[in-house]
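In what follows, a single structure is set out as structure tokens and then discussed.
The values are calculated or read from the model by the stated rules, or taken from the named source; none is laboratory data. Predicted model only: the values in this text are computed from it and were never measured. Positions of Cβ are backbone-derived with ideal geometry, glycine not excepted, and every protein chain shown enters the neighbour counts. Keep in mind that these areas ignore ligands, DNA and RNA; they rest on the heavy atoms of the full protein, side chains included. Shrake-Rupley method; radii C 1.70, N 1.55, O 1.52, S 1.80 Å.
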Amino acid sequence: MTEIYKVSDEQKERIRTLVKDFLKEQNISVYKLAKMLNERYGRSGSVSNILNKLSRATFKISELMDIAELFDYEVKFVPKNPIEGHQDNTPKL
């Protein structure tokens, strides 16, 4: 049987912080975000839906991309800079 992938509490907190900090930088509330998503994408996403996703850290990548697009941002994978004195942790294939 395939093992179910579980997100650590630490990772969930990083996701919550990432989204909350982004909204704060944009000076936008969750309420305004829900309204903007409804207007732009015709989503029926409610404030409680967004708050639940924040609480559980369960955003889909497509939802994060839509949020970023509202503010003329993009979601991108960037390499981490290795810390001086530490070896590269890049997985070898």
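Against the condition modelled with pLDDT of 90 or more and open to solvent by 100 Å² or more (accessible area, probe 1.4 Å), how does Lys32 come out, does it pass? When the stated conditions are applied, Lys32 does not pass them. Cβ-Cβ distances below 9 Å connect the following pairs, each with a first residue in the stretch 70-87 that is closer than 28 Å to Arg43 by Cβ and outside any loop (DSSP other than H, G, I, E, B), a second residue that is open to solvent by less than 100 Å² (accessible area, probe 1.4 Å) and at pLDDT 90 or above, and a separation of six or more residues or different chains: Leu70/Gln26; Leu70/Ile28; Leu70/Leu33; Leu70/Met36; Leu70/Leu37.
The set of residues from the stretch 16-59 being small (Gly, Ala, Ser) and closer than 14 Å to Leu70 by Cα comprises Ser29, Ala34, Gly42. The residue pairs whose first member lies in the stretch 43-65 and is in a loop (DSSP other than H, G, I, E, B), whose second member is of a type outside the set (S, T, N, Q), and whose beta carbons are closer than 6 Å, counting only pairs six or more residues apart or on different chains, are Arg43/Leu37; Gly45/Ala34; Gly45/Leu37; Ala57/Lys12; Ala57/Ile15; Ala57/Arg16; Phe59/Lys53. Counting only residues that are touching a residue at least 12 places away in the same chain (Cβ under 8 Å) and part of a loop (DSSP other than H, G, I, E, B), how many does the stretch 1-27 have? Result for the stretch 1-27: 2. Across the stretch 1-28, the qualifying residues are those that are loosely packed, with under 10 Cβ neighbours inside 10 Å and of a type in the set (A, V, I, L, M), and the one among them that is modelled with the lowest pLDDT is Met1. For the stretch 62-83, the set of residues classified as surrounded by 12 or more Cβ atoms within 10 Å (Cβ to Cβ) and more than 16 Å from Leu33 (Cα to Cα) consists of Val75 only. Please go through the stretch 41-61 and pick out each residue that is exposed (fewer than 12 other Cβ atoms within 10 Å of the Cβ) and under 19 Å from Asp72 (Cα atoms). Residues satisfying the conditions are Gly42, Lys60, Ile61.
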